[in-house]
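Enquirer: The structure is given below, and queries will be raised subsequently.
The values are calculated or read from the model by the stated rules, or taken from the named source; none is laboratory data. It should be emphasised that the depicted structure is a prediction, and the values quoted were computed from it without experimental measurement. Cβ atoms come from the backbone with ideal geometry, glycine included; neighbour counts cover every protein chain shown. Quick note on the areas: whole protein, heavy atoms, side chains included, nothing else; ligands and nucleic acids left out. Shrake-Rupley method; radii C 1.70, N 1.55, O 1.52, S 1.80 Å.
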Amino acid sequence: SHILEALLEEPTGRIGTTGLSCPKWQRQASMTTPGAIELQSILKEFVEAGCTNTVMEVSSHGLDQERVTGIDFDAAVFTNLSLDHLDYHPTMEDYFAAKAKLFGEHLLKSKKSKKWAILNQDDTYGQKLQSMCQLLNLETLSFAIGHPEADARVLEADYSPIATHAKLQILDKTRFIETNLVGRHQLSNILAALLVAEAAGK
């Protein structure tokens, strides 16, 4: 969410684990995805602050508890699924089903004229989501480090303890990046953010 916020040129609000921010203020968040009433209040504050975009982390808890119901999404990104929330979800399949609601319910019902499911093809659950989204006729775009056919992919990469240098293919554009974000997972996050920005024409 931080990377995409930085890429968007228009005033952008951000909601996530590390807090809330917009061009006029910053503050701590009570949870990754606030409760439905608090979330709508925050979105109203963003509009009043002049924001034309919002980037937010949508947690599996938030999806399971219907905190984002009624929000029209332009894009939804799936990065990965790990073991971090099995204290809440009984099984990995339950965890995946909660995450899939962002695509199969919320993105599908979005009133936006153009919308994208942005999916990590390095993750088996991302591959599963791609099949699901295609059955629902949602437009999908993929990113990956290890799949040469992905819409956003790594052509070359050099990792060090203090920086990452990479040559990337983002749709029909080749980009060279240098960043102090280190590690393969951060490069995957960068691919996702660049693909969202490119698809949205930003």
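Enquirer: Is it true that Gly62 is buried (at least 19 other Cβ atoms within 10 Å of the Cβ) and in contact with a helix residue (DSSP H, G or I) (Cβ under 6 Å, 6 or more places away or on another chain)?
Expert: no
Enquirer: Looking only at segment 12-37, how many residues end up being surrounded by 14 or more Cβ atoms within 10 Å (Cβ to Cβ) and in a helix (DSSP H, G or I)?
Expert: 1
Enquirer: Which is farther than 27 Å from Ser188 by Cβ and not β-branched (Val, Ile, Thr), of Glu93, Glu45, Glu57?
Expert: Answer to the check: Glu45.
Enquirer: For segment 91-139, how many residues are under 12 Å from Leu81 (Cβ atoms) and in contact with a His (Cβ under 6 Å, 6 or more places away or on another chain)?
Expert: Of the residues in that region, 1 qualify.
Enquirer: When you scan segment 120-156, how many residues do you find that are part of a loop (DSSP other than H, G, I, E, B), open to solvent by 90 Å² or more (accessible area, probe 1.4 Å) and not acidic (Asp, Glu)?
Expert: Number satisfying all stated conditions: 2.
Enquirer: While we're on this one: Could you say which residue among Val68, Val77 is assigned to a loop (DSSP other than H, G, I, E, B), crowded, with 17+ Cβ neighbours inside 10 Å and at pLDDT 95 or above?
Expert: Just a single option satisfies the conditions, and that option is Val68.
Enquirer: On the given criteria, is Glu57 on the phi < 0 side of the Ramachandran plot, among the acidic types (Asp, Glu) and either surrounded by 14 or more Cβ atoms within 10 Å (Cβ to Cβ) or within 19 Å of the chain's Cα centre (by Cα) (or both)?
Expert: Taking the combined requirement at face value, the residue satisfies it.
Enquirer: Only one of (1) in a strand (DSSP E or B); (2) crowded, with 16+ Cβ neighbours inside 10 Å fails for Phe176. Which number is that?
Expert: Among (1) in a strand (DSSP E or B); (2) crowded, with 16+ Cβ neighbours inside 10 Å, Phe176 violates only (2).
Enquirer: Residue check: is Gly13 under 16 Å from the mean Cα position of the chain (by Cα) and not charged (D, E, K, R)?
Expert: Criteria met by Gly13.
Enquirer: Take the conditions of a type in the set (D, E, K, R), surrounded by fewer than 15 Cβ atoms within 10 Å (Cβ to Cβ) and either assigned to a strand (DSSP E or B) or modelled with pLDDT under 95 (or both) and apply them to Lys114. Does it pass?
Expert: In short, yes.
Enquirer: State yes or no: is Tyr88 in contact with a helix residue (DSSP H, G or I) (Cβ under 9 Å, 6 or more places away or on another chain), surrounded by 16 or more Cβ atoms within 10 Å (Cβ to Cβ) and at pLDDT below 95?
Expert: No.
Enquirer: Can you name the condition, by its number, that Tyr159 falls short on among (1) open to solvent by 50 Å² or more (accessible area, probe 1.4 Å); (2) under 15 Å from the mean Cα position of the chain (by Cα)?
Expert: Exception for Tyr159: condition (2).
Enquirer: Report yes if some residue within segment 1-10 is open to solvent by 50 Å² or more (accessible area, probe 1.4 Å), over 26 Å from Ser188 (Cα atoms), out of contact with any Gly (no Cβ under 9 Å at 6 or more places or on another chain) and not aliphatic (A, V, I, L, M); otherwise report no.
Expert: No, segment 1-10 contains no residue that is open to solvent by 50 Å² or more (accessible area, probe 1.4 Å), over 26 Å from Ser188 (Cα atoms), out of contact with any Gly (no Cβ under 9 Å at 6 or more places or on another chain) and not aliphatic (A, V, I, L, M).
Enquirer: Is it true that some residue in segment 153-169 is farther than 13 Å from Ile190 by Cα, touching a helix residue (DSSP H, G or I) at 6+ places or on another chain (Cβ under 7 Å) and of a type in the set (D, E, K, R)?
Expert: Scanning segment 153-169 turns up no residue that is farther than 13 Å from Ile190 by Cα, touching a helix residue (DSSP H, G or I) at 6+ places or on another chain (Cβ under 7 Å) and of a type in the set (D, E, K, R).
Enquirer: Please specify each residue of segment 44-61 satisfying the condition of being at pLDDT below 95 and assigned to a helix (DSSP H, G or I).
Expert: Within segment 44-61, Ser60, His61 qualify.
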